[in-house]
């Protein structure tokens, strides 16, 4: 195991910088942390000596000799990234520089409860380590993303609406029976925000990731780190009211954005439009399948169906109303929209943008950039592994 | 001048801790930053040797010998705290531990423009330094709070609605002609939040200060520091929509909380109630004075006038709707309500609380505490001086 506590402040600064920036030459690394060349070289030599960083090869140069790129050493150990979805399960092994060494995905039903799901996770993890020839002692840290609210310090789920039976289950204890590495659990949208933060090389200090699926949630990056709030519930934007006269939400209040623009609301509006005769295409689909999904609506919208487009615009408008309030308060530089409903097509993004820009203050939106989350393979497990590495390093330094 | 750059990381940590915690004994200080006794004693001796900290006397002890309390040294120099209100002007000198050495307040009209206002500020500052026998070179830093949006990095006001003519005026340059010390400018509610943060000894990491006056603004303390957002406009909550069917705001949108619950809206509702015959007391006042103010309404409400109480409850309900959205997103531990309208009486706070708790998620409000900003003498200038000292130290360490 790596003894993070034995690192000096300078060594830790270099190591963290290298993790966030990806491959850097010695000169770039020294410059990026504002160290003198001699101070940086001393710390780099020490980190290489401890097996924490290594040369990863060379990069194309505009002329002159090619500088060698440094990276976090693959010899240090592996990270485990686990991503639990409502209907899926991903387990991956990653190198400390987030190279994916092994990634297995399969369908799963979280409603079966945590015991069978994590029994399967443990089987898959054992198999992955065997495939890669990695001993369990070489796991540095384990990160787990789950589709529900988490008390981050304890790693326990709190009143998870999609995960009945998970509240009293300790993911940390379950994995701790088999691995000495620390285990960190967070909700899926915080993990998505952290993965996005890492893919963007840590360049953005204050931004939001919105996930629109069965519910609507938000991951908050503030001052360059995940912001979880006083009780760990920061980003719970699904129950922000966008219309006091709106429909009743399952939370008991009226006009929550989740009740008006998340997947189930969109499907309901699609079915209502079909039954009202507003869209022969949707009516046909409804007759054939007995129900409509956000995917059906997205297909109709992309095919130019007017009723479908009106529904997408209405949902985007409501999400935009919620975001306008958040933008006035938080003034982020970027908002990234993700989750299943984001696949509904470009009209959703256009409607969200229009609504935010109309309702937010000019100063807050002067440089605001709203776009879809970049689609990347293994995004979920990378986010979980970033969580694992970052928290393992931090925890090692704190103790 | 203090050369902040020559401090070691350990010395800076101790100095900042001592600033936030107020008087601490050597043992308490060492413990609070998790230093060994010998490491702490070495750094303390060095800081005393440099004239940055000193013994401030003794505290009552439960028994045994009385430990001496350390504080930031009064010999280090003075901080200048300036607080510009819409109709007032405060200039103060403070010791590095925020002891007020001199405080002068007088009425002022910011609409007269920045040149006469800051001409007067310079006169008052010169007089204060003379009264205290302090040479201008001994000013460590100058903090200025202004009632309008500020681009913090440049210290310039941005589209200030209450301050026409101030946009192209550099407060920094104006004071820089006479003082070598760095000048920091921020909006009044950020300064209020920072002052509250200091008075609470830096114990709360994530909280909000709401100012309800002519407008409605919010200071955000996040991860223990003031959060200003990507463009410096974080906390601009006055234009969050609380009712899509609400009245038109001067910003062009409908139903902004500022248009429904700030001072002018409250005065308007009071006048309407008087004219409609709902309150003989308010009608009488209106006939005598030609107009009604939030203070008049507050007096009527405290005297039990039913129409006045209904208006206070309505305004509090709208502020609470806005805060419910912010609470769901930000999950603060505390919200402090300040500003002129906060003086309207306890019913306002009760109405805000009721509305927030009804509309926010249970997890976000489990430990949420909503109260009025503690009334403290010299709060504005202390906030400005905290800004000055904190930023001077940080800037000294950054360079």
Which ones in the stretch B:127-157 are over 19 Å from the mean Cα position of the chain (by Cα), more than 20 Å from residue B:105 (Cβ to Cβ) and surrounded by fewer than 21 Cβ atoms within 10 Å (Cβ to Cβ)?
B:133, B:135, B:136, B:137, B:138, B:154
Can you tell me which of (1) within 14 Å of chain A (Cβ to nearest Cβ); (2) touching a residue at least 60 places away in the same chain (Cβ under 8 Å) is the one residue B:393 doesn't meet?
(1)
Only one of these conditions is not met by residue A:345: (1) without any contact (Cβ under 8 Å) to a residue 12 or more places away in the chain; (2) surrounded by fewer than 20 Cβ atoms within 10 Å (Cβ to Cβ). Which number is it?
(1)
Residue B:377 vs (1) in contact with a strand residue (DSSP E or B) (Cβ under 6 Å, 6 or more places away or on another chain); (2) surrounded by fewer than 24 Cβ atoms within 10 Å (Cβ to Cβ); (3) over 28 Å from residue B:247 (Cα atoms): all pass except (1)
Of the residues in the stretch B:211-243, how many are touching a helix residue (DSSP H, G or I) at 6+ places or on another chain (Cβ under 6 Å) and more than 9 Å from chain A (Cβ to nearest Cβ)?
10
Just one listed residue, out of A:331, A:343, is touching a helix residue (DSSP H, G or I) at 6+ places or on another chain (Cβ under 8 Å) and on the phi > 0 side of the Ramachandran plot, and it is A:331
Check A:246, A:195 and return the single one that is crowded, with 24+ Cβ neighbours inside 10 Å and either within 9 Å of chain B (Cβ to nearest Cβ) or farther than 17 Å from residue A:341 by Cα (or both).
A:195
Kindly indicate whether any position in the stretch A:33-42 is under 29 Å from residue A:184 (Cα atoms) and either at pLDDT 85 or above or out of contact with any strand residue (DSSP E or B) (no Cβ under 9 Å at 6 or more places or on another chain) (or both).
yes
In the stretch B:249-289, which residues are outside any helix (DSSP H, G or I) and away from chain A (no Cβ under 14 Å)?
B:262, B:276, B:277, B:278, B:279
Scan of the stretch B:13-34 for residues that are within 14 Å of chain A (Cβ to nearest Cβ) and either part of a loop (DSSP other than H, G, I, E, B) or buried (at least 19 other Cβ atoms within 10 Å of the Cβ) (or both), ordered by number:
B:33, B:34
Given (1) touching a strand residue (DSSP E or B) at 6+ places or on another chain (Cβ under 6 Å); (2) crowded, with 24+ Cβ neighbours inside 10 Å; (3) within 25 Å of residue B:266 (Cβ to Cβ), residue B:323 misses just (1)
Of the residues B:163, B:175, only one is touching a strand residue (DSSP E or B) at 6+ places or on another chain (Cβ under 8 Å), away from chain A (no Cβ under 14 Å) and within 25 Å of residue B:254 (Cα to Cα); which?
B:163
Mind checking which pairs have a first residue in the stretch A:27-46 that is in the same structural domain as residue A:17 (by TED's automatic domain parsing) and touching a residue at least 40 places away in the same chain (Cβ under 8 Å) and a second that is in a helix (DSSP H, G or I) and buried (at least 16 other Cβ atoms within 10 Å of the Cβ), Cβ under 8 Å, 6 or more apart or different chains?
A:29/A:14; A:29/A:17; A:29/A:18; A:29/A:21; A:29/A:40; A:29/A:44
Among the residues of the stretch A:349-367 satisfying the criterion of being touching a strand residue (DSSP E or B) at 6+ places or on another chain (Cβ under 9 Å) and buried (at least 21 other Cβ atoms within 10 Å of the Cβ), which is farthest from the other protein chains (Cβ to nearest Cβ)?
A:352
All but one of (1) more than 12 Å from chain B (Cβ to nearest Cβ); (2) surrounded by fewer than 21 Cβ atoms within 10 Å (Cβ to Cβ); (3) more than 30 Å from residue A:81 (Cα to Cα) hold for residue A:315, so report the exception by its number.
(2)
Quick check on this structure: which one of A:175, A:204 is in contact with a helix residue (DSSP H, G or I) (Cβ under 8 Å, 6 or more places away or on another chain), under 21 Å from residue A:2 (Cβ atoms) and surrounded by 15 or more Cβ atoms within 10 Å (Cβ to Cβ)?
A:175
Is it fair to say residue A:274 is farther than 18 Å from residue A:214 by Cβ, touching a strand residue (DSSP E or B) at 6+ places or on another chain (Cβ under 7 Å) and crowded, with 23+ Cβ neighbours inside 10 Å?
no
Selection status of residue A:361, modelled with pLDDT of 90 or more and touching a helix residue (DSSP H, G or I) at 6+ places or on another chain (Cβ under 8 Å):
no
State yes or no: is residue B:286 free of Cβ contacts under 8 Å to residues at least 24 places away in the same chain, crowded, with 17+ Cβ neighbours inside 10 Å and over 30 Å from residue A:258 (Cα atoms)?
yes
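The values are calculated or read from the model by the stated rules, or taken from the named source; none is laboratory data. Predicted, not measured: the structure shown is a model, and the values here were computed from it. Here Cβ is always computed from backbone atoms with ideal geometry, including for glycine, and neighbour counts include all displayed protein chains.
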